[in-house]
1. Can you name the number of the only condition in (1) of a type in the set (A, V, I, L, M); (2) closer than 19 Å to residue 115 by Cβ; (3) touching a residue at least 24 places away in the same chain (Cβ under 8 Å) that residue 26 fails?
2. Kindly list the number of the only condition in (1) assigned to a loop (DSSP other than H, G, I, E, B); (2) modelled with pLDDT of 85 or more that fails for residue 29.
3. Counting just the residues of the stretch 77-99 that are surrounded by 10 or more Cβ atoms within 10 Å (Cβ to Cβ) and modelled with pLDDT of 75 or more, which one comes out farthest from residue 26 (Cα to Cα)?
4. Of the residues that make up the stretch 59-72, is at least one closer than 21 Å to residue 111 by Cβ and either surrounded by 12 or more Cβ atoms within 10 Å (Cβ to Cβ) or touching a strand residue (DSSP E or B) at 6+ places or on another chain (Cβ under 8 Å) (or both)?
5. What number of residues within the stretch 100-125 satisfy the criterion of being touching a helix residue (DSSP H, G or I) at 6+ places or on another chain (Cβ under 9 Å) and either exposed (fewer than 10 other Cβ atoms within 10 Å of the Cβ) or at pLDDT 90 or above (or both)?
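The values are calculated or read from the model by the stated rules, or taken from the named source; none is laboratory data. Keep in mind it's a predicted model, so treat the numbers as computed, not measured. FYI the Cβ positions are ideal-geometry reconstructions off the backbone, even for glycines, and counts take in every protein chain you see.
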Amino acid sequence: MVAIVLAFGISAVVALMTLAQVPPQILAVQMLAVVFLAALALDGQLSRVDGGILLLGFGLAVLYLVRLGRRGLDITPSGEVGHRLQKSNVPGKWPPLGLFILSLVAIVVGSEMLVNGFLTSSPASRKW
């Protein structure tokens, strides 16, 4: 979470970020996601059950945003992102799907490497 705040802080110093155009419902979804994560992390760990709860919350957030879009709230990208999406050719569904699967594999492999590295090199891990 610290890395995300640091990234936003550095981005805000480099490039001006305006949030006046963002509908408050979308900001509320983002704020609730952070509060939800913090509440699940209060016990000091995130289990697989917590991950499943977060995944369910993500699905509900996406459904809520789709519902807002169907009710007429404009959730299309604006500014530089919208301009770039209009200019460039939108790829088919297979390249993004492949990139998504590759990203998931990288996250799982990286997590396993991190845990195995901790368990084999840390003196504190011998207590486990």
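1. That leaves (2) as the condition not met.
2. (1)
3. The extreme case among them is 98.
4. Scanning the stretch 59-72, I find no residue that is closer than 21 Å to residue 111 by Cβ and either surrounded by 12 or more Cβ atoms within 10 Å (Cβ to Cβ) or touching a strand residue (DSSP E or B) at 6+ places or on another chain (Cβ under 8 Å) (or both), so the answer is no.
5. Of the stretch 100-125, the ones touching a helix residue (DSSP H, G or I) at 6+ places or on another chain (Cβ under 9 Å) are 118-119, 124-125.
Then drop every residue that is not either exposed (fewer than 10 other Cβ atoms within 10 Å of the Cβ) or at pLDDT 90 or above (or both), which leaves 124.
So the count comes out to 1.
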